[in-house]
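Below: one structure, written as C-alpha coordinates.
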Amino acid sequence: PCGGCSSRRERCKQRKVKKRLTLAALLYLLFMTGELIGGYVANSLAIMTDALHMLTDLSGIILTLLALWLSAKSPTKRFTFGFHRLEVLSAIISVLLVYILMAFLLYEAVQRTIHMDYEINGDIMLITAAVGVAVNLIMGFLLNQSGHLHSHSHSHPHSHVPQSNSPNTAHSSSHGHSSLAVRAAFVHALGDLVQSIGVLVAAYIIRFKPEYKIADPICTYVFSILVVLTTVRILCDTGVIILEGVPRHLNVDRIKEDLLKIEDVYSIEDLNVWSLTAGKTTAIVHLQLVPGSSSKWEEVQSKARQLLLNTFGMYQCSVQLQSYKQEMSKTCASCQSSSA
(Lines give C-alpha, C1' and ligand atoms only; values in the text may rest on other atoms or scores of the structure.)
Protein backbone atom coordinates (compact mmCIF):
# COMPACT_ATOMS: atom_id res chain seq x y z
CA PRO A 1 0.00 0.00 0.00
CA CYS A 2 1.07 3.58 -0.63
CA GLY A 3 1.83 6.08 2.11
CA GLY A 4 -1.64 7.61 1.85
CA CYS A 5 -3.37 4.25 2.42
CA SER A 6 -1.14 3.45 5.38
CA SER A 7 -1.76 6.90 6.84
CA ARG A 8 -5.54 6.55 6.54
CA ARG A 9 -5.45 3.09 8.08
CA GLU A 10 -3.37 4.36 11.01
CA ARG A 11 -5.72 7.32 11.54
CA CYS A 12 -8.67 4.93 11.61
CA LYS A 13 -6.95 2.79 14.26
CA GLN A 14 -6.09 5.89 16.26
CA ARG A 15 -9.73 7.02 16.21
CA LYS A 16 -10.79 3.64 17.58
CA VAL A 17 -8.22 3.90 20.37
CA LYS A 18 -9.44 7.41 21.22
CA LYS A 19 -13.04 6.19 21.38
CA ARG A 20 -12.13 3.34 23.73
CA LEU A 21 -10.02 5.57 25.95
CA THR A 22 -12.78 8.19 26.06
CA LEU A 23 -15.30 5.51 27.04
CA ALA A 24 -12.89 4.25 29.72
CA ALA A 25 -12.44 7.80 31.05
CA LEU A 26 -16.22 8.30 31.27
CA LEU A 27 -16.63 4.99 33.12
CA TYR A 28 -13.83 5.92 35.52
CA LEU A 29 -15.37 9.35 36.12
CA LEU A 30 -18.88 7.98 36.72
CA PHE A 31 -17.81 5.24 39.09
CA MET A 32 -15.28 7.44 40.87
CA THR A 33 -18.11 9.88 41.60
CA GLY A 34 -20.29 6.98 42.70
CA GLU A 35 -17.54 5.70 45.01
CA LEU A 36 -17.09 9.13 46.58
CA ILE A 37 -20.84 9.36 47.24
CA GLY A 38 -21.03 5.74 48.44
CA GLY A 39 -17.99 6.20 50.67
CA TYR A 40 -19.44 9.36 52.17
CA VAL A 41 -22.84 7.75 52.83
CA ALA A 42 -21.22 4.59 54.25
CA ASN A 43 -18.69 6.72 56.20
CA SER A 44 -15.91 4.57 54.72
CA LEU A 45 -12.47 6.05 54.10
CA ALA A 46 -11.38 2.88 52.31
CA ILE A 47 -13.99 3.42 49.61
CA MET A 48 -12.98 7.07 49.16
CA THR A 49 -9.28 6.12 49.00
CA ASP A 50 -10.12 3.59 46.31
CA ALA A 51 -11.82 6.43 44.42
CA LEU A 52 -8.65 8.49 44.87
CA HIS A 53 -6.57 5.73 43.31
CA MET A 54 -9.05 5.62 40.47
CA LEU A 55 -8.47 9.36 40.01
CA THR A 56 -4.80 8.67 39.25
CA ASP A 57 -5.80 6.26 36.50
CA LEU A 58 -8.37 8.70 35.14
CA SER A 59 -5.62 11.33 35.02
CA GLY A 60 -3.39 8.91 33.10
CA ILE A 61 -6.07 8.27 30.47
CA ILE A 62 -6.77 11.99 30.12
CA LEU A 63 -3.03 12.62 29.65
CA THR A 64 -2.93 9.92 26.96
CA LEU A 65 -5.83 11.54 25.11
CA LEU A 66 -4.14 14.92 25.53
CA ALA A 67 -0.92 13.52 24.05
CA LEU A 68 -2.78 12.06 21.07
CA TRP A 69 -4.52 15.39 20.48
CA LEU A 70 -1.32 17.42 20.83
CA SER A 71 0.54 15.15 18.42
CA ALA A 72 -1.78 16.36 15.66
CA LYS A 73 -1.26 20.06 16.46
CA SER A 74 1.18 21.96 14.27
CA PRO A 75 3.93 24.11 15.81
CA THR A 76 3.44 27.86 15.78
CA LYS A 77 5.83 30.78 15.39
CA ARG A 78 5.84 31.22 19.16
CA PHE A 79 5.90 27.52 20.12
CA THR A 80 8.18 26.06 17.47
CA PHE A 81 8.40 22.67 19.26
CA GLY A 82 4.62 22.40 19.47
CA PHE A 83 2.58 21.98 22.66
CA HIS A 84 3.86 18.62 23.90
CA ARG A 85 4.98 20.00 27.28
CA LEU A 86 1.31 20.68 28.15
CA GLU A 87 1.09 16.94 28.85
CA VAL A 88 3.87 17.27 31.44
CA LEU A 89 2.22 20.30 33.05
CA SER A 90 -1.11 18.45 33.27
CA ALA A 91 0.61 15.44 34.86
CA ILE A 92 2.15 17.58 37.61
CA ILE A 93 -1.16 19.31 38.38
CA SER A 94 -3.07 16.01 38.56
CA VAL A 95 -0.47 14.40 40.86
CA LEU A 96 -0.49 17.42 43.21
CA LEU A 97 -4.30 17.23 43.35
CA VAL A 98 -4.10 13.54 44.25
CA TYR A 99 -1.57 14.25 47.03
CA ILE A 100 -3.74 16.97 48.55
CA LEU A 101 -6.77 14.66 48.67
CA MET A 102 -4.65 11.78 49.99
CA ALA A 103 -3.29 13.96 52.81
CA PHE A 104 -6.86 14.78 53.89
CA LEU A 105 -7.90 11.10 53.88
CA LEU A 106 -4.77 10.09 55.81
CA TYR A 107 -5.51 12.72 58.45
CA GLU A 108 -9.04 11.36 58.84
CA ALA A 109 -7.70 7.78 59.02
CA VAL A 110 -5.28 8.73 61.82
CA GLN A 111 -8.08 10.42 63.74
CA ARG A 112 -10.26 7.33 63.41
CA THR A 113 -7.44 5.06 64.51
CA ILE A 114 -6.82 7.16 67.62
CA HIS A 115 -10.40 7.86 68.73
CA MET A 116 -12.39 4.95 67.19
CA ASP A 117 -15.56 7.10 67.40
CA TYR A 118 -17.11 6.27 64.05
CA GLU A 119 -19.65 3.90 62.56
CA ILE A 120 -19.63 2.38 59.08
CA ASN A 121 -22.66 1.27 57.07
CA GLY A 122 -21.48 -2.19 56.09
CA ASP A 123 -24.27 -2.83 53.58
CA ILE A 124 -23.57 0.26 51.47
CA MET A 125 -19.83 -0.31 51.72
CA LEU A 126 -20.24 -3.93 50.59
CA ILE A 127 -22.46 -2.99 47.63
CA THR A 128 -20.14 -0.18 46.52
CA ALA A 129 -17.07 -2.41 46.78
CA ALA A 130 -18.77 -5.18 44.78
CA VAL A 131 -19.72 -2.74 42.03
CA GLY A 132 -16.11 -1.50 42.08
CA VAL A 133 -14.79 -4.99 41.35
CA ALA A 134 -17.26 -5.34 38.46
CA VAL A 135 -16.35 -1.96 36.98
CA ASN A 136 -12.61 -2.70 37.15
CA LEU A 137 -13.19 -6.02 35.39
CA ILE A 138 -14.98 -4.13 32.61
CA MET A 139 -12.17 -1.56 32.47
CA GLY A 140 -9.52 -4.27 32.21
CA PHE A 141 -11.37 -5.91 29.33
CA LEU A 142 -11.91 -2.58 27.54
CA LEU A 143 -8.29 -1.41 27.83
CA ASN A 144 -6.91 -4.82 26.96
CA GLN A 145 -8.94 -4.81 23.76
CA SER A 146 -7.62 -1.37 22.81
CA GLY A 147 -4.08 -2.59 23.46
CA HIS A 148 -4.56 -5.56 21.10
CA LEU A 149 -6.17 -3.28 18.57
CA HIS A 150 -3.10 -1.10 18.42
CA SER A 151 -0.09 -3.20 19.32
CA HIS A 152 0.28 -5.11 16.05
CA SER A 153 1.12 -2.01 14.02
CA HIS A 154 4.22 -0.91 15.91
CA SER A 155 6.84 -3.58 15.43
CA HIS A 156 8.86 -1.08 13.38
CA PRO A 157 7.63 2.39 14.26
CA HIS A 158 10.55 4.03 12.41
CA SER A 159 10.97 1.86 9.38
CA HIS A 160 11.86 4.80 7.16
CA VAL A 161 13.85 7.99 7.55
CA PRO A 162 11.67 11.04 6.97
CA GLN A 163 12.78 14.58 7.56
CA SER A 164 12.80 15.65 11.19
CA ASN A 165 9.78 17.87 10.67
CA SER A 166 7.88 15.37 8.55
CA PRO A 167 4.34 14.49 9.68
CA ASN A 168 5.21 10.80 9.25
CA THR A 169 7.80 11.04 12.00
CA ALA A 170 5.38 12.64 14.40
CA HIS A 171 2.71 10.16 13.39
CA SER A 172 4.91 7.12 14.09
CA SER A 173 6.10 8.44 17.43
CA SER A 174 2.63 9.37 18.60
CA HIS A 175 1.36 5.89 17.75
CA GLY A 176 4.17 4.21 19.64
CA HIS A 177 3.57 6.50 22.59
CA SER A 178 -0.19 5.89 22.59
CA SER A 179 0.31 2.12 22.38
CA LEU A 180 2.58 2.14 25.44
CA ALA A 181 0.21 4.44 27.30
CA VAL A 182 -2.78 2.16 26.62
CA ARG A 183 -0.83 -0.83 27.89
CA ALA A 184 0.13 1.15 30.99
CA ALA A 185 -3.53 2.03 31.56
CA PHE A 186 -4.39 -1.66 31.32
CA VAL A 187 -1.77 -2.49 33.98
CA HIS A 188 -3.19 0.23 36.22
CA ALA A 189 -6.68 -1.21 35.71
CA LEU A 190 -5.40 -4.57 36.97
CA GLY A 191 -3.94 -2.79 40.01
CA ASP A 192 -7.32 -1.14 40.60
CA LEU A 193 -8.96 -4.55 40.43
CA VAL A 194 -6.67 -5.90 43.15
CA GLN A 195 -7.36 -2.85 45.30
CA SER A 196 -11.12 -3.15 44.77
CA ILE A 197 -10.95 -6.78 45.86
CA GLY A 198 -9.14 -5.60 49.01
CA VAL A 199 -11.92 -3.08 49.68
CA LEU A 200 -14.50 -5.81 49.11
CA VAL A 201 -12.79 -8.07 51.67
CA ALA A 202 -12.66 -5.21 54.19
CA ALA A 203 -16.33 -4.43 53.53
CA TYR A 204 -17.25 -8.07 54.08
CA ILE A 205 -15.38 -8.11 57.39
CA ILE A 206 -16.99 -4.87 58.59
CA ARG A 207 -20.46 -5.99 57.45
CA PHE A 208 -20.43 -9.24 59.42
CA LYS A 209 -17.90 -8.31 62.14
CA PRO A 210 -18.54 -4.62 62.99
CA GLU A 211 -16.06 -4.79 65.89
CA TYR A 212 -13.27 -5.04 63.29
CA LYS A 213 -14.06 -1.64 61.78
CA ILE A 214 -10.36 -0.73 62.17
CA ALA A 215 -9.98 -2.49 58.81
CA ASP A 216 -11.33 0.66 57.14
CA PRO A 217 -8.49 3.06 58.14
CA ILE A 218 -5.96 0.25 57.65
CA CYS A 219 -7.10 0.00 54.02
CA THR A 220 -6.63 3.75 53.71
CA TYR A 221 -3.00 3.45 54.89
CA VAL A 222 -2.25 0.59 52.49
CA PHE A 223 -3.95 2.22 49.52
CA SER A 224 -2.22 5.55 50.19
CA ILE A 225 1.12 3.75 49.86
CA LEU A 226 -0.06 2.31 46.54
CA VAL A 227 -1.05 5.79 45.34
CA VAL A 228 2.42 7.12 46.20
CA LEU A 229 4.13 4.21 44.45
CA THR A 230 2.08 4.76 41.28
CA THR A 231 2.66 8.53 41.18
CA VAL A 232 6.30 8.92 42.25
CA ARG A 233 7.44 7.51 38.89
CA ILE A 234 5.33 10.17 37.15
CA LEU A 235 6.99 12.92 39.18
CA CYS A 236 10.48 11.55 38.46
CA ASP A 237 9.82 11.30 34.72
CA THR A 238 8.28 14.77 34.51
CA GLY A 239 11.21 16.17 36.49
CA VAL A 240 13.67 14.70 34.00
CA ILE A 241 11.68 16.15 31.10
CA ILE A 242 11.47 19.64 32.65
CA LEU A 243 15.21 19.61 33.42
CA GLU A 244 15.83 18.40 29.85
CA GLY A 245 17.60 15.27 31.02
CA VAL A 246 18.34 12.21 28.90
CA PRO A 247 15.45 9.67 28.95
CA ARG A 248 16.14 6.62 31.08
CA HIS A 249 15.97 4.22 28.11
CA LEU A 250 18.84 5.94 26.25
CA ASN A 251 22.59 5.80 26.88
CA VAL A 252 24.53 8.81 25.58
CA ASP A 253 27.82 6.88 25.54
CA ARG A 254 26.24 4.16 23.40
CA ILE A 255 24.90 6.79 20.97
CA LYS A 256 28.36 8.36 20.69
CA GLU A 257 30.00 4.99 20.09
CA ASP A 258 27.58 4.16 17.27
CA LEU A 259 27.99 7.59 15.67
CA LEU A 260 31.77 7.24 15.72
CA LYS A 261 31.44 3.91 13.89
CA ILE A 262 30.01 5.75 10.87
CA GLU A 263 32.56 5.94 8.10
CA ASP A 264 34.30 9.33 7.68
CA VAL A 265 33.28 10.60 11.16
CA TYR A 266 36.36 11.87 12.96
CA SER A 267 34.89 13.12 16.25
CA ILE A 268 31.72 14.23 18.01
CA GLU A 269 31.97 17.88 18.93
CA ASP A 270 28.65 18.03 20.76
CA LEU A 271 25.63 15.82 21.50
CA ASN A 272 22.42 16.94 23.20
CA VAL A 273 19.53 14.56 23.91
CA TRP A 274 16.30 15.52 25.68
CA SER A 275 12.54 14.86 25.64
CA LEU A 276 9.77 17.17 24.52
CA THR A 277 7.40 14.91 26.44
CA ALA A 278 7.12 11.20 27.22
CA GLY A 279 7.97 9.15 24.13
CA LYS A 280 9.18 12.11 22.05
CA THR A 281 12.97 12.39 22.24
CA THR A 282 14.96 15.03 20.37
CA ALA A 283 18.68 15.09 19.58
CA ILE A 284 21.16 17.62 18.20
CA VAL A 285 24.61 16.31 17.23
CA HIS A 286 27.65 18.14 15.86
CA LEU A 287 30.04 15.87 13.95
CA GLN A 288 33.52 16.57 12.57
CA LEU A 289 34.53 14.74 9.40
CA VAL A 290 37.88 13.09 8.79
CA PRO A 291 40.37 15.09 6.70
CA GLY A 292 39.57 15.09 2.99
CA SER A 293 36.02 13.69 3.26
CA SER A 294 34.02 16.90 3.08
CA SER A 295 32.51 15.83 -0.24
CA LYS A 296 30.78 12.87 1.50
CA TRP A 297 28.85 15.02 3.98
CA GLU A 298 25.42 14.08 2.58
CA GLU A 299 26.10 10.36 2.98
CA VAL A 300 27.40 10.84 6.54
CA GLN A 301 24.44 12.99 7.49
CA SER A 302 22.00 10.44 6.08
CA LYS A 303 23.62 7.58 8.03
CA ALA A 304 23.66 9.61 11.24
CA ARG A 305 19.96 10.46 10.85
CA GLN A 306 19.09 6.83 10.14
CA LEU A 307 20.94 5.80 13.29
CA LEU A 308 19.20 8.36 15.50
CA LEU A 309 15.71 7.91 14.04
CA ASN A 310 15.67 4.16 13.39
CA THR A 311 17.99 2.64 15.97
CA PHE A 312 17.42 4.99 18.90
CA GLY A 313 13.83 6.00 18.05
CA MET A 314 14.26 9.78 18.08
CA TYR A 315 11.19 11.89 17.39
CA GLN A 316 13.30 14.68 15.86
CA CYS A 317 17.00 15.07 15.20
CA SER A 318 19.38 17.62 13.75
CA VAL A 319 22.82 16.59 12.44
CA GLN A 320 25.40 19.34 11.99
CA LEU A 321 28.65 18.62 10.11
CA GLN A 322 31.96 20.42 9.75
CA SER A 323 35.18 19.62 7.96
CA TYR A 324 38.25 18.57 9.91
CA LYS A 325 40.00 21.30 11.84
CA GLN A 326 43.20 20.84 13.78
CA GLU A 327 42.68 21.06 17.52
CA MET A 328 43.35 24.57 18.69
CA SER A 329 44.21 25.71 22.18
CA LYS A 330 41.02 26.54 24.06
CA THR A 331 42.70 28.99 26.43
CA CYS A 332 42.72 32.63 25.49
CA ALA A 333 45.79 34.89 25.44
CA SER A 334 44.90 36.37 28.83
CA CYS A 335 44.78 32.93 30.52
CA GLN A 336 48.04 31.87 28.87
CA SER A 337 49.83 35.01 30.06
CA SER A 338 48.50 34.60 33.62
CA SER A 339 49.58 30.95 33.77
CA ALA A 340 53.04 31.90 32.55
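Subtracting the Cα-Cα distance from 0.36 nm times the residue separation, let me have the gained length for residue 295 to residue 262 in nm, one decimal.
Working: separation 33, 0.36 × 33 = 11.88 nm, distance 1.52 nm.
My answer for the length gained is 10.4 nm.
Express the relative contact order of the range 252-322 as a whole percentage, based on alpha carbon pairs under 8 Å and six or more residues apart in sequence.
Contact order relative to length: 33 percent.
With respect to the cross-link table entries 303/325; 19/73; 77/325; 77/303, which display a Cα-Cα separation exceeding 25 Å?
Listed pairs above 25 Å: 77/325; 77/303.
Using amide H atoms built 1.01 Å from N in the peptide plane, name the residues 5+ places from residue 287, or on other chains, whose amide H lies under 5 Å from its own.
Under 5 Å from the amide H of residue 287: 269, 320, 321, 322.
Keeping all protein chains in the complex and leaving out DNA, RNA and ligands, what accessible area do you get for residue 206 with a 1.4 Å probe, in Å² to the nearest 10?
Accessible surface of residue 206 is approximately 10 Å².
Just tell me which aspartates and glutamates come within less than 16 Å, Cα to Cα, of residue 209; anything on the same chain fewer than 8 places away is out.
119, 123
Trypsin sites (Lys or Arg not before Pro) within the range 249-302: which are DSSP loop residues with at most 11 other Cβ atoms inside 10 Å?
Within the range 249-302, the qualifying trypsin sites (Lys or Arg not before Pro) (loop, at most 11 other Cβ atoms within 10 Å) are 261.
What's the magnitude of the charge dipole for the range 252-322 around its Cα centre, counting Lys and Arg as +1 and Asp and Glu as -1 at the beta-carbon? Answer in Debye, nearest 20.
On the way: 7 positive and 9 negative charges, 47 e Å.
It works out to roughly 220 debye.
Sorted from largest to smallest, which semi-axis lengths in Å does the alpha carbon gyration tensor of the range 252-322 give for its equivalent ellipsoid, taking the root of 5 times each eigenvalue?
Over the Cα atoms of the range 252-322, the semi-axes work out to 22, 11, 10 Å.
Per residue of the range 305-322, in order, report the coupling 6.51 cos²θ - 1.76 cosθ + 1.60 (Karplus, θ = phi - 60°) as ³J(HN,Hα) in whole Hz, putting x for Gly and Pro.
After applying 6.51 cos²θ - 1.76 cosθ + 1.60, I find 5, 4, 5, 5, 7, 7, 6, 9, x, 5, 7, 9, 8, 10, 10, 9, 10, 9 Hz.
The values are calculated or read from the model by the stated rules, or taken from the named source; none is laboratory data. This is a predicted model, so every value here is computed, not measured. Every residue, glycine among them, receives a Cβ derived from its backbone with ideal geometry; neighbour counts consider all protein chains shown. Side chains included, ligands, DNA and RNA excluded: accessible areas come from the protein's heavy atoms. Shrake-Rupley method; radii C 1.70, N 1.55, O 1.52, S 1.80 Å.
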